[in-house]
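Peer 1: I have a structure I would like to understand better, so I am pasting it below and will then ask my questions one at a time.
What follows is calculated from the coordinates using simple rules that are stated; it is not laboratory data. A quick note: this is a predicted structure, and the numbers were derived from the prediction, not measured. Every residue, glycine among them, receives a Cβ derived from its backbone with ideal geometry; neighbour counts consider all protein chains shown.
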Amino acid sequence: MNRTGFSQRLELRQSQALIMTPQLQQAIKMLQLSNLELTNFIDGEIQQNPLLERHEREVGENTQGDYVSGRERVSPTTGPEMLTGEFTPDAAEHWQPEWGEDTDRSVDFGGEPQPWHSRNGGFDAEGRPGLDQTATRLRTLREHLLEQIGADLSDQGDRVIALHLLDLLEEDGYLRARLDGVARLLDCGIERVEGVLARLQQFEPSGVFARDLKECLILQLRDRNRFDPAMQALLDHLPLLATRNVPALVRVCRVDAADVAEMISEIKSLDPRPGLAFDPPLAQPVVPDILMRAQPEGGWVLELNAETLPRVLVNNSYYARIRQATRSKAEKDYLTERLHAANWLVKSLHQRATTILKVAAEIVRQQDAFFRYGVASLRPLILRDIADAIGMHESTISRVTSNKYMATPRGLYELKYFFTSAIPASGGNGAHSAEAVRHRIRALIDGEPPDATLSDEGIVELLRQEGVDIARRTVAKYREAMRIPSSVRRRRDKLFAL
């Protein structure tokens, strides 16, 4: 009979593991934030940490600070001299500030002031906006409709229905909610809800409270007294209008081609989203994180944009005063933790700025031909190419290039723009950037003769003659992504224009 025995023993094993501390998670999070998100994040940290202060830059103040001027010089032949200081968890955990506790020290992460301004318009001598730059409050669509409801609807019950429909109105001016649900909610007949809606559809802007595109166009045409049986037939066949099938429209509308052309021109003058005229979406201006300019002797100079980088001050003198007055261990531990968090934030900001500059410099070095000659010279590039060149992980490169913009002599570009897939060259020698190929496809189509159009197969043949090995389906995919219609549609458009 076999017996199975159990025994206990001690074993010593050694292993390595990376622990994602809260501070490390914070540093990783900051790396992928945009400049606006970073500003909001820093404001939140300052509110939570009494040892942190924001130091606003004064006019004419030297912005070099302690950040080695935040500048890189890039040559296309030799790699740039990168800033030193690699980010590692161990180094971050044991990092200590280089100044004493009795000193206030501001940390500035920017280069010299640059003639790049994110604001538009004039300012007075004290930097305040002029009278012509004072923003006026735009009238909202809801305010405009509320005024009309109060003036045109005298019955209190109709007003209640109208206000409920107004609450369901979407920002583009459409009412896509079902009317039977409104009738059940308000315990009234569907006919009364439809009657109130018909009144609301006569309000300004014309086309508001429509339930679909067709009804929106009909309301605007009726307002212009331009809705007739021929226009009704045209709107009943919107797919034919979308494809510019003029012969079919001539048949269904029972008019000649000239009348169809006039009707289409009338449709194009209408507003398919009337609500946005009152509540336009606010466009957020894009402020570059990196500024780039050419050197007279060749190469490029990259600098961090001082306007987008916060200046954070760790108030060590305040910490020293409070610590001297603190008696309990819990309060002392809290102050120590707050000081450590403040120092870590400063370190993370410095590392973030250094990493962004390092990645941008390597991108410029590898895409030097693009900045010199244009999109046609954009070379294939993936995250791994940059990661291998500067000794970082691909995930770090991905975070750095998200929502980061660079102002270049050729315009403002997101760093992600410079990463494009490769399309093989004919004969297997080398490769072409997908973005450069898309640019060439658009150029070929823009250069079509007036009396002919290039098919996708024809574009494939022309590209192969230029050394680009590409499939027809890839050409079609790129063309559709650029919202370029097919050769059949383009041919119809040209005939219609004639």
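Peer 1: Using Stokes-Einstein with the Kirkwood hydrodynamic radius over Cα pairs, what translational diffusion coefficient do you get for region 141-277 at 4 °C and a viscosity of 1.567 mPa s, in µm²/s rounded to a whole number?
Peer 2: Working: Rh = 16.2 Å.
Rounded, D is 80 µm²/s.
Peer 1: Still on this model: Among Val208, Val301, which comes first, second and so on when ranked by fewest other beta-carbon atoms within 10 Å?
Peer 2: Working: Val208 27, Val301 15.
Arranged by neighbour count, lowest to highest, Val208, Val301 become Val301, Val208.
Peer 1: Related question: When the chain is fully extended, how far beyond the present Cα-Cα distance does Ala376 get from Ala198, taking 0.36 nm per residue of separation? Please list the in-between numbers first.
Peer 2: Working: separation 178, 0.36 × 178 = 64.08 nm, distance 5.52 nm.
Residue separation times 0.36 nm, minus the Cα-Cα distance, leaves 58.6 nm.
Peer 1: Could I ask something else about it? Quick one: if you stick a label point 7 Å off each Cα along the C-beta vector at Thr140 and Ser455, how many nm between them?
Peer 2: 5.5
Peer 1: Sticking with this structure for a sec: Given an 8 Å cut-off on Cα distances and at least 6 residues of separation, report the relative contact order of region 213-294 as a percent. Show your work: numbers first, answer last.
Peer 2: Numbers: 37 pairs, mean separation 22.3, N = 82.
Rounded, it is 27 percent for region 213-294.
Peer 1: Follow-up. Work out, step by step, the length gained on full extension between His393 and Lys477: first 0.36 nm times the residue separation, then minus their alpha carbon distance; give nm to one decimal. Walk me through the numbers before you get to the answer.
Peer 2: Details: separation 84, 0.36 × 84 = 30.24 nm, distance 3.13 nm.
The His393-Lys477 span can extend by a further 27.1 nm.
Peer 1: What distance in nm lies between label points placed 7 Å from Cα along the C-beta direction at Leu213 and Gln465?
Peer 2: The modelled label-to-label distance comes out at 3.8 nm.
Peer 1: Going 7 Å from the Cα of Gln148 in the Cα-to-Cβ direction, what parts of region 174-190 have a backbone nitrogen less than 18 Å from that spot?
Peer 2: Residues passing the 18 Å test: 174-177.
Peer 1: While we're here: Per residue, how big is the convex hull of region 182-243 when only Cα atoms are used? Give it in Å³.
Peer 2: On the way: hull volume 6.5 nm³, N = 62.
That works out to 106 Å³ per residue.
Peer 1: In Å, what is the Rg of the alpha-carbon atoms in region 376-498, and how long is Dmax?
Peer 2: For region 376-498, the Cα radius of gyration and maximum Cα-Cα distance read 17.5, 59 Å.
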